[in-house]
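Novice: My questions all concern the structure below.
The values are calculated or read from the model by the stated rules, or taken from the named source; none is laboratory data. All of these numbers come straight from a predicted model, not from anything done at the bench. Backbone-built Cβ (ideal geometry, glycine too); neighbour counts: all protein chains shown.
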């Protein structure tokens, strides 16, 4: 009897252990999976330039930067996250430039009016600097790098105080839109006058309306936890933006229009190599001051020797084109890159060779309207080619580019650019 009782107890104990073990393993597995998802989400936010907290994500873009006008620029900024609210958000930043001894800031907020179409209405007030001749697309995804090479050598800025209201709307998974109405007070920080009808403007007001569309017809999306997630980043991608400036609306001085276009395409090869193509174009008509015209993203400083010009190469900039050398009211650029398969020398040392060619062409009507700043136009084809060897040490590499064609310079050394590269991804 005792033997039978012992066998029954042993059997019950064993079955209980085996019954509990899968559940414990399942709990452990679930916990590990949740921790893994949290880590992935944390890295994704960090890669987008945010350091997440409970109700607020710190924006890493504003911690520290450097340029030729402000010197060191440092501050804090961020945006509320979904733990704060899924319908409302607040965002802003405050920075200080040590060379110009000025504070700059932005404050804004938004509220979502439709969850399915991810429609947001946003209000923003900004008092800051912007590079003259730069342009951006409203629908661009947030772009963050730990280091912005071009920013180091930019010296041509204009101050703007801008009040804006915008509407973000997802027309479909493949088509995003954003519309913005804005008024701006523009004050160039350099000697510049825009002459129109015998009137010279060194400061001016602008009232503008912009609509931007981003179309990704070959991307693939799926539902994941009630959200639409892009599972395949398909190419080509197309972005189109129209801007209209209004005269005599809310004190605006000029009437003009701008049409901007960009397409990106890439080919992944079987040997892990990659070819990318980026075509950008812009067309400005009417009474457009230099602040709102186009440069071609130059990234070369005016120094006598190659070593004096040694700096850091940009991601999509013309390395041999000098800052403020060209401006256009209509222009187009083409950039072609071919990334070879990384050379696996050791497990941690895998440098990568990239071949690069860049081309730009443009023109300028009524160039005599712009006084105080000397520049050329891109009537002839601007060409440069070169190569990069990336990821040699701690994300750093080397870049070499040569300027040729219609804007080849008489002094051979002035056509060369030799720089660092920096590539670090999470």
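Novice: Can we say residue 321 is closer than 25 Å to residue 240 by Cα and either in contact (Cβ under 8 Å) with a residue 60 or more places away in the chain or touching a strand residue (DSSP E or B) at 6+ places or on another chain (Cβ under 9 Å) (or both)?
Specialist: Details: closer than 25 Å to residue 240 by Cα: no; either in contact (Cβ under 8 Å) with a residue 60 or more places away in the chain or touching a strand residue (DSSP E or B) at 6+ places or on another chain (Cβ under 9 Å) (or both): yes.
Against the criterion (closer than 25 Å to residue 240 by Cα and either in contact (Cβ under 8 Å) with a residue 60 or more places away in the chain or touching a strand residue (DSSP E or B) at 6+ places or on another chain (Cβ under 9 Å) (or both)), residue 321 does not qualify.
Novice: Report whether or not residue 218 is at pLDDT 95 or above and assigned by TED's automatic domain parsing to the domain that holds residue 127.
Specialist: Details: at pLDDT 95 or above: no; assigned by TED's automatic domain parsing to the domain that holds residue 127: yes.
No: the conditions fail for residue 218.
Novice: Determine, yes or no, whether residue 316 is surrounded by fewer than 24 Cβ atoms within 10 Å (Cβ to Cβ), in contact with a strand residue (DSSP E or B) (Cβ under 8 Å, 6 or more places away or on another chain) and not in a loop (DSSP other than H, G, I, E, B).
Specialist: It is false that residue 316 is surrounded by fewer than 24 Cβ atoms within 10 Å (Cβ to Cβ), in contact with a strand residue (DSSP E or B) (Cβ under 8 Å, 6 or more places away or on another chain) and not in a loop (DSSP other than H, G, I, E, B).
Novice: Do we have residue 339 as in the same structural domain as residue 153 (by TED's automatic domain parsing) and farther than 29 Å from residue 304 by Cα here?
Specialist: For residue 339, the condition - in the same structural domain as residue 153 (by TED's automatic domain parsing) and farther than 29 Å from residue 304 by Cα - is met.
Novice: Do you know which residues across segment 193-218 are touching a strand residue (DSSP E or B) at 6+ places or on another chain (Cβ under 7 Å) and closer than 24 Å to residue 371 by Cα?
Specialist: So the first thing to find is which residues in segment 193-218 are touching a strand residue (DSSP E or B) at 6+ places or on another chain (Cβ under 7 Å), and the list is 193-195, 200-216.
Those that are touching a strand residue (DSSP E or B) at 6+ places or on another chain (Cβ under 7 Å) and closer than 24 Å to residue 371 by Cα: 193, 194, 195, 200, 201, 202, 203, 204, 205, 206, 207, 208.
Novice: Got a sec? Which of 166, 135 is more than 20 Å from residue 63 (Cα to Cα), at pLDDT 95 or above and surrounded by 15 or more Cβ atoms within 10 Å (Cβ to Cβ)? Break it down into steps so the answer makes sense when it comes.
Specialist: Working: 135 fails: at pLDDT 95 or above.
Only one candidate passes the filter, namely 166.
Novice: If you don't mind, there's one more thing I want to ask. For residue 278, work out the one condition from (1) surrounded by fewer than 21 Cβ atoms within 10 Å (Cβ to Cβ); (2) in a loop (DSSP other than H, G, I, E, B) it doesn't fulfil.
Specialist: (2)
Novice: Would you check if residue 353 is surrounded by fewer than 20 Cβ atoms within 10 Å (Cβ to Cβ), under 23 Å from residue 268 (Cα atoms) and touching a strand residue (DSSP E or B) at 6+ places or on another chain (Cβ under 7 Å)?
Specialist: Against the criterion (surrounded by fewer than 20 Cβ atoms within 10 Å (Cβ to Cβ), under 23 Å from residue 268 (Cα atoms) and touching a strand residue (DSSP E or B) at 6+ places or on another chain (Cβ under 7 Å)), residue 353 qualifies.
Novice: Only one residue in 77, 110, 71 is at pLDDT 60 or above, closer than 29 Å to residue 150 by Cα and crowded, with 16+ Cβ neighbours inside 10 Å. Which one?
Specialist: Values: 110 fails: closer than 29 Å to residue 150 by Cα; 71 fails: crowded, with 16+ Cβ neighbours inside 10 Å.
The conditions single out 77.
Novice: Select the strands (runs of 3 or more DSSP E) contained entirely in segment 68-183, then report the ones holding at least 1 residues which are over 28 Å from residue 250 (Cβ atoms).
Specialist: Qualifying strands (runs of 3 or more DSSP E): 71-80, 88-97, 102-114, 157-172.
Novice: Still on this structure: Just to be sure before I move on: is residue 198 surrounded by fewer than 19 Cβ atoms within 10 Å (Cβ to Cβ), modelled with pLDDT of 95 or more and more than 30 Å from residue 237 (Cα to Cα) in the structure I sent?
Specialist: For residue 198, the condition - surrounded by fewer than 19 Cβ atoms within 10 Å (Cβ to Cβ), modelled with pLDDT of 95 or more and more than 30 Å from residue 237 (Cα to Cα) - is not met.
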